[in-house]
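> Before we start, here is the structure in question, set down as C-alpha cells.
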Amino acid sequence: MDQSVAIQETLAEGEYCTIAVQGVLCKGDSRQSRLLGLVRYRLENGAQEHALFLYTHRRMAITGDDVSLDQIVPLSRDFMLEEVSPDGELYILGSDVTVQLDTAELRLVFQLPFGSHTRMFLQEVARACPGFDPETRDPEFLWLSRHRFAEPDVQSPKPREWNSDPGTRSGFTPIGGGRYQSRNARRGLEDVLLRSSSYILPGGGATEESEFLLARETLGGGTVGGRSARGGLRDEALEEADREMSAGGGSRERDCAGGFNLDSSRPNGRGLLMDQNSGARCQDKPDNFTRQNKSKSEITDMVRSSTITVSDKAHILSMHKFGLRDTIVKSHLVQKEEDYTYIQNFRFFVGTYNVNGQSPKECLRPWLSHSTQAPDVYCVGFQELDLSKEAFFFHDTPKEEEWFKAVSESLHPGAKYAKVKLIRLVGIMLLLYVKQEHAAHISEVEAETVGTGIMGRMGNKGGVAIRFQLHNTSICVVNSHLAAHTEEYERRNQDYKDICSRMQFSQVDSSLPPLTISKHDVILWLGDLNYRIEELDVEKVKMLIEEKAFQTLYAYDQLKIQVAAKTVFEGFTEGELTFQPTYKYDTGSDDWDTSEKCRAPAWCDRVLWKGKNISQLSYQSHMALKTSDHKPVSSVFDIGVRVVNEELYRKTLEEIVRSLDKMENANIPSVSLSKREFCFENVKYMQLQTESFTIHNGQVPCQFEFINKPEEYSYCKQWLTAKPSKGFLLPDSHVEIELELFVNKATATKLNSGEDKIEDILVLHLDRGKDYFLSVTGNYLPSCFGSPIHTLCYMREPILDLPLETVSKLTLMPVQTADDRSQLENPMEIPKELWMMVDYLYRNAIHQEDLFQQPGLRTEFEHIRDCLDTGMIDNLCASNHSVAEALLLFLESLPEPVICYSTYHNCLECSGNYTASKQVISTLPTFHKNVFNYLMAFLQELLKNSAKNHLDENILASIFGSLLLRNPAGRQKLDMVEKKKAQGFIHQFLCSPV
Amino acid sequence: MAKQYDVLFRLLLIGDSGVGKTCLLCRFTDNEFHSSHISTIGVDFKMKTIEVDGIKVRIQIWDTAGQERYQTITKQYYRRAQGIFLVYDISSERSYQHIMKWVSDVDEYAPEGVQKILIGNKADEEQKRQVGREQGQQLAKEYGMDFYETSACTNLNIKESFTRLTELVLQAHRKELDGLRTRAGNELALAELEEEEGKPEGPANSSKTCWC
C-alpha cells in the first residue's frame, strides 16, 4: 500500500510526498510506529527543499485522517540518514533495516522493513539531501512555517484535555485531523508515565509535575524538554527530550519552552541538558564513524545501481564491439588453420650471384634453368651490382635494368613468369617471380632494405628483403651482402643481427605492429655472406679443394663455426656444401685469384632456410658463368605451402561465428520462475491476499524489474503490488517475490461494476535480456464497501446474494436516474448496511467512550464486512469500536460522498448559515439526503449521551466533516479553511434539531 | 582488403501459439530441435551472425508469446523490428486464418517499411496437412510477401527463409548502408540508429518503460 497517499492528504499546496515508509522509532526500549514521509516543496525560483515528516498513524494509513503529524525534520545540509548495523547484532538478511537520522540537533533511530521499498525510500532521501555544493543556497525551509502556524488554530490548548485525551492533541499535528490516537503512541505514553513515576526525583521536583511534563512531551509537542532533565532521568530520556524539543520540526525553539511557565523555577535545567547531551554525542561519534562511512558507500552503490536499471539500449549494443569480435574471429581462424588448409608443395628456385659490378655478358640459363622442371617461384639475388660512386651516392644504376632483363630472359622456358617485386639497395638486388598461375595467390607483398655499410647505415653492405603471402603461408626472402675480410666475421654476425632487427614490414592493418623477418612461416636467406675459411693457408685450401675434400674444408668455414656457436643464423639450416668455394676467381676463368692479394678461396655465397615443410632438392654453384670473380649459387626447394580449402574455410568460419553467437546467447541474462500464473480467489474488500514465487537466476548476473506496459503508469493494476518490484541477482541465486492484492476504496467500485477485473499481466524485464509475462487472475466478491448509496438502496438482497450482472448494472446506474423510482422496484430509503451499522451502534454503543476515536480490529472489520455483504446481521458480534470504524470506512469508501461532489462548494459557502445549509441539503438526491439526515439524527442521539461517551459537537464535526464532504478535486490539496468550513457545516446540523 | 561492414538489426517471429516460432529460432541459431512444446510466455531473443552479399549481418531475433491474452503486450514489441516472420502451421487451418489478423496488427504497430515474410511451418507433417502450399503462396502474394514452407524438425528452408528476410531488410535499408560505405571505418547498427531516432518519443517511454 502506498501510504504516501495518506500523507499527501495532510500536506499543503506545493508540498508533495515523494515516498513514504512505515517504520519503528526506537527510543531506548520503546518502539513506536511512525510513518516517514519524504516531502518535497518547490520554491518559486524552481529550487526544491525537502523535509522528512514523521507521523503517528492508524495501523494502516489510508487517508489523511489516519495519520497525525508528529514532527518534521528538514533535510538541511547537516541532515544524514544512514543505515547502521545494530550494535552487537549480526546482520541477518531479511531483517529490518536500522537507520539513523542525524542532524545538528537530533538523532533518531528507526527500524524500517527489509525490502526494496525501504531501499527506494533511502535512495530518495539520499537524493533529496542538499549536499555540500557551495553553489546552491542553504535551504531556508520557510515553507515549513505554515505547519507551525497551523497548529494553534486547530486546537485550543486546555491542559485538562491534554491529560485526559492526549492522543488527539499531539503538540503540533492536527492538520490531518488526528481522529485517533495510534495505539502505539498511547502505549508509548503509558510506558513513559510508568517509568517516570518510578524515578526518584531529587531537587524537590514534584513527581506530579514531572509526570505531567512527560505526558506532554510524548504528545509530540517538543514543548518542554529541559524540564524533565533536571529530574535526573536517564541519558536516554534526556536525549529523547532534547530530540523532541528540537526535532519538533523547529516548531518550538528551546526558548519557547519558557512560554509554558515550566522552566522558570530552574534556570540551570536547560544548560545541564545541553551539556550532558553534547557530551554523550561526542562519545558516540567516533564510535559510529567508520560504520557510517561504510553504510554511506553502500547507499551510494545502491543509487548507482538503480540508475543502471534505466537501460540505455544504444550503450548495450555498443558493448558488443564489432571490432573486437573481428579480432576474436581472426585469432580463432589462425588457431584452426589446419582444419581448413592442406599442404601443397611449391618448387622454389633460390639463387645468389655477386657480379662484381659487371654487366651481364653471358646467358644466365645455366644458373637459372639448370633443372628440368620449371620452378614455381624464383628468388634471385645479386650483390655488387654496381660498384660506381654514382650508384652509391645517387642510388641509380643502369645495371638494375640490365640484370633484371638478363634474369627475365633466362628463366625456365617451360613456364610463364610474372615479376612480383624488385628491390635494390645500391648493389644488393632481389628479384621475385612466380609462375603466372600462382600470381592470384600471392598477397601482402612488402619489400624493405637495411643498410649496414659505412657508418653502419650505408648501402654498400646490408640486406634487402621481400615478404609475401603465398596462399596461407607467409614467406620472407632476404638477400644480404655482409661485411668483407676474413677477420671481420664478428662484423658479419652483427650485420646479420642488424638486418634482422631493423628489417620491418608494415602490415595491411596499420593498427598492428610491423612484421619482422622472424615472424614468417618460411624464411629463405641468400647472399654474399662473406664468411671465409680460416686457419688454413691458401695452398692447403686449394689442395683440399683439389681433392674435393669439402667436408674437411667445411670444418674451417667461419659460417659453420659461427652457426655452431649460435652467434648467427640461429634456427637456420644449410644444405651440405658439395661444390667448391665460389670465391675468388680471375674474372672470365675458373682460375683462383692470381692478383696481388691472392685471396684464399671461400664459400662466400650461400643459401640458408628456416621453417617447416621445406626440403632442399639441390644446392650448387655454376662454374659455367665467368663474368664475375664469384660463381653464382643456386638452391632448389620444395616448400610445403598451406592452401585453403574454400569449403572447409567457410565451414570453419561459420563454426567460429556460431560458437561466438552461442557464447553471446549464453550471456543473455535468463531466469526461471517458479510460477507464472497467479489466481486470487474470492478477493474481498480490504483483505490482503498474497501469492509468492521465486526467481531463480541462471549463470549471468542480472537485474530484474517489473516494467510498465505502454500507456500505463504503473507496472500493474492499482490493487496489486510486487515486493520487491526490482532487484539484482547474482549467478545461481534466487529471490522470492510477493504479489500482494489489496482492494481498497479507490479500486472497489470498478471491481463491483465489472469495469475492472482481477486480471492483469505483469512484465518482468531482465536488463539486457528477456521479458517474462506473469498473469494474474481471480475474482472479486462485491461488497457494500465501495458501492454507491443509491445502488445499495436498490439492493433489497445482500449484495453477495445478487447475480454479478445485477450488481454491475446497479453500480453503473447513474445517481440521477435512480431518483426516477418508477422504473425500478421499490427502493429502500437508505442502504440497509448503513442502517445495520448505525442500529448496532445505537443499541450497543450509545454510551461508549472514545467512540469513533479508537481504531477497530482488522479481524472484526472483516467479520462486519462479511455480515453486511451476506446479510447475516444477526451474527454480527464485534466491538463497538470496530463497528464504528466500519461505519467510517463505509462512508469513506462511497464513490460519491453523502454530500455529492457537485454540492460540495455550495455547502462550504453556506457554512455558518443554517437555513441556507438546510436548503442545500434539500437539493441532494433523495437517497443522499436520506442518509445525511439519518446520520445527523444518529449523531445527535450520541450527543445526548455526551456525559457518558464524552463526545461533543466539535469532535463529531471534525470526524464526519471530512467524510461527508469531500473535495471533488480529489485529495491533492486539503485547504485548512475548507476543512474548517466543512466541519462548521456539519457542526450546525449537530447543534440544531433536524 | 576491403573493410567489412557490420549491420545489426531485429527480426521478430509472430504467429499463433504452437506454430513453432521458438523451434524455428532454435533451429536457426543453435541448430537444435525439440519436439516438445513449451509455450513462450514473454519475449525471448537470440543473436545470430550471418553473411549476406558480403555484409556481415548480426541479427537479433525476437521470439514472442503467441497466446492471445498476451497479444496486447507483444504488439508493443513490433515497432522495434525491421523484419517480421509471420508464421502459421500447415497442419492448422486456424493458424493460417489468423495470419490476416497478425498482418493487420503488424500494419498497425510495426514501423513503416518493415519487411515481412510468410512462413508455413511444420512442412514435414504432410499427413496432417490442412493448408495447401498454394494457399500459402496465394496469401503471400496477396500481401506481397515472400513465402516459405519450412520445417524446424527436418531443417527445411530454415536458413533460406532467415537469409531471405535479412536480404529484404538489407535492401530496404540500402540507402543507409550506402551512406555508410562512404564513411570508412564505421560500424552500423540499424537498430542503434533507429533507437536514436526513437528516443525523443516522449516521457511515456522514458526510464520505466523499456521494451528492449
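> How do the helices (runs of 4 or more DSSP H) wholly within the stretch B:1-105 filter down when requiring 3 or more residues that are away from chain A (no Cβ under 11 Å): which remain? So that I can check it myself, show each step before the final result.
Numbers: elements: B:21-30, B:71-74, B:93-97.
It comes to B:21-30, B:93-97.
> Among the candidates B:147, B:162, single out the residue that is aromatic (Phe, Trp, Tyr), touching a strand residue (DSSP E or B) at 6+ places or on another chain (Cβ under 9 Å) and in a helix (DSSP H, G or I). Step through it out loud before you land on a result.
Values: B:147 fails: in a helix (DSSP H, G or I).
Just one listed residue meets the conditions, B:162.
> Suppose we filter the stretch B:62-96 for residues that are aliphatic (A, V, I, L, M) and without any contact (Cβ under 8 Å) to a residue 60 or more places away in the chain; how many remain? So that I can check it myself, show each step before the final result.
Let us first name the residues in the stretch B:62-96 that are aliphatic (A, V, I, L, M), namely B:65, B:73, B:81, B:84, B:86-87, B:90.
Cutting the leftovers down to without any contact (Cβ under 8 Å) to a residue 60 or more places away in the chain gives us B:65, B:73, B:90.
Qualifying residue count for the region: 3.
> Of everything in the stretch A:563-591, what is hydrophobic (A, V, I, L, M, F, W, C), surrounded by fewer than 19 Cβ atoms within 10 Å (Cβ to Cβ) and within 60 Å of the chain's Cα centre (by Cα)? Give them in sequence order.
Within the stretch A:563-591, just A:572 meets the criteria.
> Run down A:512, A:482 and say which single residue is within 14 Å of chain B (Cβ to nearest Cβ) and either touching an Asp or Glu at 6+ places or on another chain (Cβ under 8 Å) or surrounded by fewer than 17 Cβ atoms within 10 Å (Cβ to Cβ) (or both). Spell out the reasoning first.
Values: A:482 fails: within 14 Å of chain B (Cβ to nearest Cβ).
Of A:512, A:482, the one residue that is within 14 Å of chain B (Cβ to nearest Cβ) and either touching an Asp or Glu at 6+ places or on another chain (Cβ under 8 Å) or surrounded by fewer than 17 Cβ atoms within 10 Å (Cβ to Cβ) (or both) is A:512.
> Could you list, in sequence order, all residues of the stretch A:481-533 that are within 25 Å of residue A:605 (Cβ to Cβ), part of a loop (DSSP other than H, G, I, E, B) and of a type in the set (S, T, N, Q)?
A:530
> So, one more: Quick check on my filter: what residues within the stretch A:943-952 are farther than 14 Å from residue A:992 by Cα and within 60 Å of the chain's Cα centre (by Cα)? Write out each step before concluding.
So the first thing to find is which residues in the stretch A:943-952 are farther than 14 Å from residue A:992 by Cα, and the list is A:945-951.
Residues satisfying the conditions are A:949, A:950, A:951.
> For the stretch A:332-368, name all the residues that are assigned to a helix (DSSP H, G or I), farther than 24 Å from residue A:522 by Cβ and touching a residue at least 60 places away in the same chain (Cβ under 8 Å). Break it down into steps so the answer makes sense when it comes.
Initial filter on the stretch A:332-368 (assigned to a helix (DSSP H, G or I)): A:332-335, A:337-340, A:365-368.
Now drop any that are not farther than 24 Å from residue A:522 by Cβ, which leaves A:365-366.
The one that is assigned to a helix (DSSP H, G or I), farther than 24 Å from residue A:522 by Cβ and touching a residue at least 60 places away in the same chain (Cβ under 8 Å): A:366.
> Also: Filter the stretch A:600-651 down to the residues that are of a type in the set (Phe, Trp, Tyr) and under 20 Å from residue A:492 (Cβ atoms) and list them by number. Lay out the reasoning, then the answer.
Quick first cut of the stretch A:600-651, residues of a type in the set (Phe, Trp, Tyr) only: A:603, A:609, A:619, A:637, A:649.
Correct list: A:603, A:609.
> Taking the criterion of being closer than 30 Å to residue A:755 by Cα and more than 17 Å from the chain's Cα centre (by Cα), would at least one residue in the stretch A:651-668 satisfy it? Give the derivation first.
From the stretch A:651-668, those closer than 30 Å to residue A:755 by Cα are none; that's our starting set.
Taking every residue of the stretch A:651-668 in turn, none turns out to be closer than 30 Å to residue A:755 by Cα and more than 17 Å from the chain's Cα centre (by Cα).
> Follow-up question, since we're still on this one. Please tell me if residue A:594 is exposed (fewer than 13 other Cβ atoms within 10 Å of the Cβ), β-branched (Val, Ile, Thr) and either at pLDDT 90 or above or outside any strand (DSSP E or B) (or both). Steps first, please.
Numbers: exposed (fewer than 13 other Cβ atoms within 10 Å of the Cβ): yes; β-branched (Val, Ile, Thr): yes; either at pLDDT 90 or above or outside any strand (DSSP E or B) (or both): yes.
Against the criterion (exposed (fewer than 13 other Cβ atoms within 10 Å of the Cβ), β-branched (Val, Ile, Thr) and either at pLDDT 90 or above or outside any strand (DSSP E or B) (or both)), residue A:594 qualifies.
> Quick test of your reading of the structure: residue A:679 fulfils all but one of (1) in a loop (DSSP other than H, G, I, E, B); (2) more than 13 Å from chain B (Cβ to nearest Cβ); (3) not hydroxyl-bearing (Ser, Thr, Tyr). Name the failing condition by number.
(1)
> May I pose another question? Report, by residue number, each residue of the stretch B:147-164 that is aliphatic (A, V, I, L, M) and within 18 Å of residue B:83 (Cα to Cα). Before you say what the answer is, go through the steps one by one.
Looking only at the stretch B:147-164, we keep the residues that are aliphatic (A, V, I, L, M), and these are B:152, B:156, B:158.
Correct list: B:158 only.
> Condition (residue is modelled with pLDDT of 90 or more, in contact with a strand residue (DSSP E or B) (Cβ under 6 Å, 6 or more places away or on another chain) and assigned to a helix (DSSP H, G or I)) applied to the stretch A:951-968: is it met by at least one residue?
Yes, the stretch A:951-968 contains a residue that is modelled with pLDDT of 90 or more, in contact with a strand residue (DSSP E or B) (Cβ under 6 Å, 6 or more places away or on another chain) and assigned to a helix (DSSP H, G or I).
> Which strands (runs of 3 or more DSSP E) sit wholly inside the stretch A:696-812 and have at least 2 residues that are more than 14 Å from every other protein chain (Cβ to nearest Cβ) and in contact with a strand residue (DSSP E or B) (Cβ under 7 Å, 6 or more places away or on another chain)?
A:720-723, A:726-729, A:734-741, A:771-780
> Scan the stretch A:414-455 for residues that are touching a helix residue (DSSP H, G or I) at 6+ places or on another chain (Cβ under 7 Å) and not in a strand (DSSP E or B) and jot them down.
Residues satisfying the conditions are A:416, A:426, A:427, A:452.
> Still on this model: Answer yes or no as to whether residue A:653 is in a helix (DSSP H, G or I), farther than 30 Å from residue B:41 by Cβ, more than 10 Å from chain B (Cβ to nearest Cβ) and aliphatic (A, V, I, L, M). Give the derivation first.
Details: in a helix (DSSP H, G or I): yes; farther than 30 Å from residue B:41 by Cβ: yes; more than 10 Å from chain B (Cβ to nearest Cβ): no; aliphatic (A, V, I, L, M): yes.
The answer is no for residue A:653.
The values are calculated or read from the model by the stated rules, or taken from the named source; none is laboratory data. As the structure is a computational prediction, the values presented were derived from the model and not from experiment. Please note: Cβ atoms are built from the backbone with ideal geometry, for glycine as well, and neighbour counts cover all protein chains shown.
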